[in-house]
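See below for the structure under consideration.
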Amino acid sequence: MKIHLKPLIPFSFSTELQIYLTGRALPYDELTDFHPILEKHITSGYVGWMDGLSQGTCHRCGNTESHLFGEMPCSRCGKTCTYCRKCIMMGRVNACSRLHVWTGPHLEYLLKEEPLKWSGKLSPQQAEASRKAIEAVKTHSILLIWAVCGAGKTEILFEAIAEAIHTGKRVCLAAPRTDVVLELGPRLKAAFPGIEIAVLYGGSEDRHHHGQLVISTTHQLYRYRDAFDLMIIDEVDAFPFSGDPSLEYAAQKSRRETSSLIYLTATPSSEFKARVKKGVLDAAIIPARYHRHSIPVPELSWCGNWEKSFAKKTIPKAVSKWLAERLQFSTPFLLFFPNIKIMEEALPLFQRLHPDIQYVHAEDPNRKEKVQSLRENKVPGLLTTTILERGVTIPRLEAAVLGTEKPIFTESALVQIAGRVGRSADHPTGNISFFHYGKTEEMLDAVSHIKQMNAEAKRRDLIVE
Amino acid sequence: MWNKSYCLYCELPLEEETTWKSLFLGDEKKNEFCTECLMKLQAIEGKRCKICSRPQDEEGICRDCQRWEEDPAWQGVLSRNLSLYTYNEFLKELMARYKYRGDYILIFGFKKQLKKILAEVTFDLAVPIPLSKERLFERGFNQSEAGLAAMDLRPIYALKRKHSEKQSKKSREERIHLEEVFLPTEEDISGKNILLFDDIYTTGSTLRHAGRVLKESGALQISSITIARS
Ligand SMILES: [Zn+2]
Ligand SMILES: [Zn+2]
Ligand SMILES: [Zn+2]
Ligand SMILES: [Zn+2]
């Protein structure tokens with residue numbers, strides 16, 4: 001991408017602008033505070049710019065799909081002007097827009113002797129993965145950390161982040177979902193108390209903060225360019241990262257040319273697995289949970305034509321039996337549905353079993369509160385879409401999937417769902433059931449995935465039971 | 001080459017039927033909303049205010065319009081407003097993306113419905129409501145003019161904006177009854193029936209301010225069309 005740049009004429013530049021713009025590429029409208037001084041920095045060569053759109057590509061989000069561009073009579077350039085609709089939620093980028101980049105002196109961070117203040121201890125397998133991560137930071141290489149749900153992924157990163165910060169590098173930890181970013185923020189702030197940390201998600205207050213350590217949703221990375229020496233991408237398999245090429249683009253664009261890249265996942269895609277197998281991608285595999293108990297293996301259970309049952313206003317027998325047992329022993333549960341519509345229609349049937357059963361889905365404004373009331377045993381259980389397949393940790397939780405044969409339940413989704421069960425050291429076991437109307441490859445793969453990880457953990461003597 | 005079309009709002013592929021149709025229509029722009037998005041829109045039907053289209057239990061004129069009509073300064077300034085939809089949550093989000101994010105082409109998704117409602121209006125000229133310079137730069141387009149373009153109407157620039165004063169400092173009463181925000185231009189509109197377009201009808205005050213200036217310049221009747229009625 002061509003950067004338009006005037007020769008550097010030394011003058012006392014604004015350090016605020018330097019800090020704000022370093023590692024970013026921003027349109028005029030996102031530089032409101034600097035409008036009075038922007039032109040001077042451009043003519044003196046401290047700020048350069050590139051086209052917002054050219055040759056059918058949006059240079060903020062990488063969009064190239066023709067139906068995601070619009071045309072408008074533009075009052076800024078006075079012409080019919082193309083604009084990107086893909087990233088429009090961050091403000092519009094037009095063909096006549098410029099994305100401004102900092103081209104003045106480099107921003108240097110103060111060197112920190114011991115940035116990490118964390119007193120926890122890594123398990124031997126976490127420590128092993130941590131060593132590999134540090135190595136990746138030192139050698140600017142790419143590493144996949146493949147760790148089962150409940151392995152303690154975040155702690156594995158601490159030393160590697162500390163190594164980067166210690167040597168004056170800039171770090172980004174990106175996750176696809178806001179929930180994850182919100183959860184990681186406080187943990188990293190506690191671990192790195194002296195470091196400037198920006199936590200970014202749609203509508204976050206930190207949007208204007210610089211951050212030597214940036215914790216961000218992948219979407220927010222659209223604003224960055226050539227910024228990070230260490231990029232860590234959490235849940236690299238998760239929606240929306242795998243399905244959306246522009247997020248991949250954003251993650252690549254925001255890395256510096258010489259930088260390290262660490263992918264984190266519990267359920268790598270087959271493409272990642274193939275790359276590991278071929279030896280082209282270095283991996284640290286952690287097959288056991290930090291509490292050293294094996295992961296509960298899902299039970300497959302045929303439940304007949306459940307859609308027909310619901311149409312007749314009944315719950316399939318196998319499912320109601322499973323539910324009755326959970327209710328009898330007050331075991332908190334999640335019951336996963338393939339879509340919202342079926343779940344909504346089925347709720348009244350389930351409320352006959354217990355009036356306090358509720359449901360959650362992606363657009364539910366009370367999602368957090370409902371999960372919290374499950375944690376506090378105020379509701380016996382929740383019906384849910386796949387939105388809760390990740391990130392939820394509730395002691396004693398058990399889970400079941402209804403309609404496991406539906407395509408939305410991929411191997412990775414099912415492994416994640418099973419990963420909700422038995423996470424706490426006090427209750428390391430629990431039931432996970434896949435109710436289905438015909439077995440699919442995906443559910444069989446999910447079961448063998450978990451069995452393989454357990455076997456590998458046993459082989460490496462990582463399991464105590 | 002098989003050209004797939006997508007819903008203008010939610011971006012899901014449109015049903016093939018539509019795609020076939022658009023193939024035959026050739027050049028026609030394929031800006032459309034999908035059936036599911038359309039279903040989330042709530043059309044204004046049945047009994048409503050004769051002037052402003054607010055849905056209500058009886059025919060006749062709503063209380064707000066009565067208040068306008070009782071004031072000699074505003075009487076008859078707006079003959080009739082037609083709105084397509086109630087301003088529900090879905091439409092609020094859609095309009096926010098249109099107006100505040102500036103997704104210009106969204107308005108063209110309403111083309112069919114706008115043209116249908118347009119057939120009910122008698123007018124000679126279509127006049128866009130001008131934006132302040134600052135707002136126009138910020139947004140990059142004028143949403144009133146865009147609506148006229150979606151109805152394939154040629155805009156007649158019969159209004160301009162008075163140089164902006166800070167609106168927020170004044171009370172609602174002052175804003176509605178005292179402040180003139182629009183001025184007439186050189187365009188001759190005497191004896192003409194005028195159509196205005198705005199995205200949302202809220203209090204009706206913008207449309208009436210525009211209407212009054214036009215009437216003072218000799219326009220006969222002022223009608224308006226909006227996407228939403230809040
Ligand atoms: Zn874009
Ligand atoms: Zn332009
Ligand atoms: Zn749609
Ligand atoms: Zn009315």
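The values are calculated or read from the model by the stated rules, or taken from the named source; none is laboratory data. Every value quoted in this text rests on a predicted model; they were computed, and no experiment measured them. Please note: Cβ atoms are built from the backbone with ideal geometry, for glycine as well, and neighbour counts cover all protein chains shown. Just so you know, the surface numbers come from the protein's heavy atoms only, side chains and all, with ligands and any DNA or RNA stripped out. Shrake-Rupley method; radii C 1.70, N 1.55, O 1.52, S 1.80 Å.
I need to check one value: relative contact order of chain A, counting alpha carbon pairs closer than 8 Å and at least 6 residues apart, in percent.
14 percent
How long is the gain from A:Ser424 to A:Ala324 if the chain were fully straight, where each residue apart is worth 0.36 nm and the alpha carbon distance is subtracted?
Using 0.36 nm per residue and subtracting the Cα-Cα distance, I get 33.6 nm.
Identify the trypsin sites (Lys or Arg not before Pro) of region A:119-155 meeting these criteria: DSSP loop state and at most 12 other C-beta atoms within 10 Å of the C-beta.
A:Lys121
So how far apart, in nm, are the two label points at A:Thr15 and A:Glu114 if each is 7 Å from Cα heading toward Cβ?
Taking the two extended label points, one gets 2.8 nm.
Kindly report the accessible area of the protein assembly as shown per residue (heavy atoms of protein chains, probe 1.4 Å, no ligands, DNA or RNA), in Å².
Spelled out: the 1.4 Å probe surface of the protein assembly as shown, per residue, equals 48 Å².
What 222 nm value per residue comes from the helices of chain A, counting each DSSP H run with n ≥ 4 as -39,500 (n - 2.57) and dividing by all residues, nearest 500 deg cm²/dmol?
Mean residue ellipticity, 222 nm, calculated: -9500 deg cm²/dmol.
Could you work out the percent of alpha carbon pairs in chain B separated by over 31 Å, rounded to a whole number?
Summing the P(r) tail past 31 Å for chain B gives 24 percent.
Whose amide H sits under 5 Å from the amide H of B:Arg48, counting only residues 5 or more places off or on another chain, with H placed in the peptide plane?
Close amide H contacts, sequence-distant or interchain: B:Gln56.
Taking a 27 Å limit on the Cα-Cα distance, which of the listed pairs A:Lys79/B:Lys192; A:Lys253/A:Lys368; A:Lys86/A:Lys277; A:Lys121/A:Lys253; A:Lys2/A:Lys40 fall beyond it?
A:Lys79/B:Lys192; A:Lys253/A:Lys368; A:Lys86/A:Lys277; A:Lys121/A:Lys253, as the Cα separations exceed 27 Å there.
Using the Cα atoms as the points, what is the convex hull volume per residue of region A:124-286 in Å³?
Per-residue hull volume (Cα only) is 109 Å³.
For A:Phe434, which sequence-distant residues (separation of 5 or more, or a different chain) have an amide H within less than 5 Å of its own amide H, given hydrogens modelled in the peptide plane?
Close amide H contacts, sequence-distant or interchain: A:Glu299, A:Leu300, A:Ser301, A:Val401.
Which of A:Gly211, A:Gln252, A:Leu300 sits farthest toward the positive end of the charge dipole of region A:207-359, with +1 on the Cβ of Lys and Arg and -1 on the Cβ of Asp and Glu?
A:Leu300
Percent relative contact order of chain B, based on C-alpha pairs within less than 8 angstrom and at least six residues apart?
It rounds to 21 percent for chain B.
Taking the square root of 5 times each eigenvalue of the Cα gyration tensor, what semi-axes in Å does the equivalent ellipsoid of region A:23-161 have, largest first?
Result for region A:23-161: semi-axes of 42, 22, 12 Å.
Is there a quick way to get the dipole size of chain B? I mean about its Cα centre, with the Cβ of Lys and Arg at +1 and of Asp and Glu at -1; what is the value in debye to the nearest 20?
Charge dipole of chain B: 400 debye, to the nearest 20.
Once the Cα atoms of helix A:317-328 and of chain A are each reduced to a long axis, what angle between those two axes, in degrees from 0 to 90 to the nearest 10, is obtained?
Long axis of A:317-328 versus the principal axis of chain A: about 80 degrees.
Tell me, what ³J(HN,Hα) does each residue in region B:193-209 have, in order and in whole Hz, if you take phi through Karplus 6.51 cos²θ - 1.76 cosθ + 1.60 with θ = phi - 60° and put x for Gly and Pro?
Residue by residue, region B:193-209 yields 8, 10, 10, 10, 10, 9, 6, 9, 9, 10, 9, x, 6, 4, 4, 6, 4 Hz.
Find which of A:Val447, A:Ala413, A:Thr429 sits farthest along the positive direction of the dipole of region A:299-459, computed with +1 on the beta-carbon of Lys and Arg, -1 on that of Asp and Glu, about the Cα centre.
The Cα lying farthest towards the positive end belongs to A:Thr429.
Check cross-link reach from A:Lys406 to the lysines: straight Cα distance under 18 Å, and skip same-chain residues fewer than eight apart.
Cα-Cα hits under 18 Å: A:Lys308, A:Lys341, A:Lys439.
Short version: ³J(HN,Hα) in whole Hz for each residue of region A:165-177, in order, from phi by Karplus 6.51 cos²θ - 1.76 cosθ + 1.60 (θ = phi - 60°), x for Gly and Pro, what are they?
Per-residue couplings from phi come out as 4, 4, 9, x, 8, 9, 10, 10, 10, 10, 9, x, 10 Hz.
For A:Leu383, enumerate residues with amide H under 5 Å from its amide H, sequence gap 5+ or separate chain, H modeled in the peptide plane.
Amide H neighbours of A:Leu383: A:Leu335, A:Gln358, A:Tyr359, A:Val360.
With a ≥ b ≥ c taken as the square roots of the eigenvalues of the C-alpha gyration tensor of the protein assembly as shown, please select rounded if a/c is under 1.5 and otherwise prolate if a/b is larger than b/c or oblate if it is not?
oblate
Which of the lysines could a cross-linker span from B:Lys47 if the Cα-Cα distance has to be under 25 Å and same-chain partners fewer than 8 positions apart are dropped?
Cross-link targets: B:Lys92, B:Lys111, B:Lys112, B:Lys115, B:Lys116.
Compute the Cα gyration tensor for region A:299-459, then decide on rounded, prolate or oblate, letting a ≥ b ≥ c be the square roots of its eigenvalues: rounded whenever a/c is under 1.5, prolate when a/b is larger than b/c in the other cases, and oblate in all that remain.
Oblate.
Using θ = phi - 60° and the Karplus curve 6.51 cos²θ - 1.76 cosθ + 1.60, what whole-Hz ³J(HN,Hα) does each residue of region A:440-448 get, with Gly and Pro shown as x?
Using θ = phi - 60°, the values come out as 10, 3, 4, 6, 5, 4, 4, 5, 6 Hz.
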